[in-house]
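The values are calculated or read from the model by the stated rules, or taken from the named source; none is laboratory data. Please read these numbers as outputs of a predicted model, since none were measured by experiment. Note: ideal-geometry Cβ built from the backbone for every residue, glycine included; neighbour counts use all protein chains shown. Ligands, DNA and RNA are excluded from the accessible area calculation, which covers all protein heavy atoms including side chains. Shrake-Rupley method; radii C 1.70, N 1.55, O 1.52, S 1.80 Å.
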Amino acid sequence: MLAGQLALAVAVVASAAALATALIYFFRPLLIRYLLAHPNARSSHAVATPQGAGVTVILALLIVAVAAWMLWGARGDAVTLVPVLAAAAGLTVLGLADDARALPVGWRLLGQTLAALVMVLSLPEGLRLFPDFLPLMVERALLVLGTVWFVNAVNFLDGLDWITAAQVVPMTLGVAVLQALGAVPASVGFLALALLGAMLGFAMFNKHPAQVFLGDAGSLPIGLLLAFMLIFVAGTDLAAALLLALYTIADSTITLIRRALNREAIFSAHRSHFYQRAVIAGMTPPQVTARIFGLGLLLAALAIAAVIANSTLADVLLLALGAIATFYVLYRLARGAK
């Protein structure tokens, strides 16, 4: 039974990776022609590079999902993926339009909010995070707001070769292991494996110096899909969900607060995220992403341990350990410490 599940997981990851690779080969000439990202004072790249390759990641994921549905049908909880996949597809279109020509911030936020609303409304009514403290509607409203912030957090941190893969791979691996432990539904584990595979296929072309960038066409829907998975993890163990997303949340939130306190325009492009400060200080992109990837693997291991321990005390201790590790990595990045 275990061997069969492992073989199926490998097949999903390999299929998504192969599809993403093939799609990038197919789309890259079009991206070069229509969606070149030219370097500027705020860029981390030195040569014009095609963006928008995130569309291949989402297409690969959707193809694998449809193939799985055709092979096995909408069994059990698999139907819960339809709304979130549709919302992710919508964000891909929105992101692709923004990659082609920068859209007003209001339009972007409206699209992200609608996608988050569709996703949150699709959640099972029995999935509650704070049933003893918040009414269902209040909790769902907060989840919409949290999802919009997380989508933007992932987008903010997609500014360096391999950096999004360095965050997504540990998160999806963690969710997949949690599904194997019975902590999240099978469909959520499948989604994690499909996204993991698609990102691995993309990562081959995003290795420094990158041949393609995700663009908003990838970072926005990926943020939504990760938020969806993390909500299910939080339904089992809130600390585990926080641990999985800790680096992404910490870098984005601390940077936003610091810029707001400095009275900077928070919606304008900048180079003050911790990973950007590390590059400015002299670290190479591979050195930066290696540290973020290593931290992500540690946080995923701590999240898995939290679910296995199933203890409030363990949650507090593991979350504290994860926070210490995260702030240590941020401190080192801010100083360009190799």
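One table, with the values for the structure above:
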read-out: Residue within the stretch 101-117 that is more than 30 Å from residue 278 (Cα to Cα), at pLDDT below 90 and either under 17 Å from the mean Cα position of the chain (by Cα) or open to solvent by 40 Å² or more (accessible area, probe 1.4 Å) (or both) present; value: no
read-out: Cβ pairs under 9 Å, 6+ apart, first in the stretch 85-98 and assigned to a helix (DSSP H, G or I), second of a type in the set (Lys, Arg); value: 94/108; 95/108; 98/108
read-out: Selection count where residues are at pLDDT 95 or above and surrounded by fewer than 20 Cβ atoms within 10 Å (Cβ to Cβ), scope the stretch 67-99; value: 6
read-out: Close pairs from the stretch 308-323: first closer than 16 Å to residue 249 by Cα, partner at pLDDT below 95 and open to solvent by less than 50 Å² (accessible area, probe 1.4 Å), Cβ under 7 Å, at least 6 apart; value: none
read-out: Checking residue 233 against (1) over 21 Å from residue 180 (Cα atoms); (2) more than 12 Å from the chain's Cα centre (by Cα); (3) open to solvent by less than 10 Å² (accessible area, probe 1.4 Å), the condition it does not meet; value: (1)
read-out: Per-region count, the stretch 207-230, residues open to solvent by less than 10 Å² (accessible area, probe 1.4 Å) and of a type in the set (S, T, N, Q); value: 1
read-out: Unmet criterion (only one of (1) farther than 13 Å from residue 160 by Cα; (2) open to solvent by less than 60 Å² (accessible area, probe 1.4 Å)) for residue 316; value: (2)
read-out: Which listed residue, of 151, 177, 138, 168, is under 13 Å from residue 218 (Cα atoms), in a helix (DSSP H, G or I) and either free of Cβ contacts under 8 Å to residues at least 60 places away in the same chain or open to solvent by 40 Å² or more (accessible area, probe 1.4 Å) (or both); value: 168
read-out: Residue match in the stretch 291-305 (condition: farther than 17 Å from residue 175 by Cα, open to solvent by 60 Å² or more (accessible area, probe 1.4 Å) and of a type outside the set (Asp, Glu)); value: yes
read-out: Close pairs from the stretch 210-231: first touching a residue at least 24 places away in the same chain (Cβ under 8 Å), partner part of a helix (DSSP H, G or I) and basic (Lys, Arg), Cβ under 9 Å, at least 6 apart; value: 211/28; 212/28; 216/108; 220/108
